[in-house]
Amino acid sequence: MNSALTPQQLHPRLDHLTVIDVRSPGEYAAGHIPGALNIPLDQLQRALPDLRAAAERGELAVVCASGSRSQKACEELTAAGVPAATLLGGTNAWAEHGHPLNQPEEGRRTWAMDRQVRLTAGSLVLLGLVLGLFFPMALWLSAFIAGGLVFSALTNTCGMAVMLSKLPHNRPRGGADLDSTLAELRG
């Protein structure tokens, strides 16, 4: 399998691939490729034996919102000897090409993780600047967040996203959890 697939390449092969969505459970619940199984990126190592077995039965495609987390997941899987392809542009590109997403019928939709990070980082920087007008030491909050964003860009990792993924709105809904996903993957 190629190391990357476009939405046009993935769509006709959807029934023949195991699709793994590495976004947070909240993002996954807000809309995912039909048939995709949710294994958050931070749980990939725990799921490795089941992913290896699934790859022996057929090809794996890994998706996220934009393609960066799924690319990281593919690198981890390849390093572990598990072949997998990433979806270029992620579920955003999938939807832009007119392909369907399974979405909840009702209730709130969780924002994509990059949007949550931008809101949180921007709010903390703004808070640090406003508080800095009264308490000069508060400016260090803004400096710390700015440094974290630079580090995130240089390393292609995001500690803030990891922390935000632990919040209740980004956790499984309706009893869905990794154990039930792995049981389904074992099939």
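The values are calculated or read from the model by the stated rules, or taken from the named source; none is laboratory data. Since we're looking at a predicted model, the values are computed, not measured. We place every Cβ from the backbone using ideal geometry, glycine too, and count neighbours over all the protein chains shown. We work out accessible area using only protein heavy atoms, side chains counted, and drop any ligands, DNA or RNA first. Shrake-Rupley method; radii C 1.70, N 1.55, O 1.52, S 1.80 Å.
General remarks:
- Residue in the stretch 37-53 that is more than 20 Å from Leu167 (Cα to Cα), free of Cβ contacts under 8 Å to residues at least 40 places away in the same chain, surrounded by 15 or more Cβ atoms within 10 Å (Cβ to Cβ) and hydrophobic (A, V, I, L, M, F, W, C) present: yes
- No other residue among Gly89, Gly58, Gly122, Gly35 is out of contact with any Asp or Glu (no Cβ under 6 Å at 6 or more places or on another chain) and over 23 Å from Asp15 (Cα atoms) apart from Gly122.
- Residue pairs meeting the criteria (Cβ under 6 Å; at least 6 apart or on separate chains; first aromatic (Phe, Trp, Tyr), in the stretch 16-28; second open to solvent by less than 10 Å² (accessible area, probe 1.4 Å)): Tyr28/Asp21
- Among residues of the stretch 57-75, those that are open to solvent by 60 Å² or more (accessible area, probe 1.4 Å) and in a loop (DSSP other than H, G, I, E, B), counted: 2
- In the stretch 1-36, the residues that are assigned to a helix (DSSP H, G or I) and surrounded by fewer than 20 Cβ atoms within 10 Å (Cβ to Cβ): Gln8, Gln9, His11, Pro12, Arg13, Leu14, Asp15, His16
- Residue in the stretch 133-143 that is closer than 24 Å to His16 by Cβ, of a type in the set (Phe, Trp, Tyr) and either touching a residue at least 24 places away in the same chain (Cβ under 8 Å) or assigned to a loop (DSSP other than H, G, I, E, B) (or both) present: no
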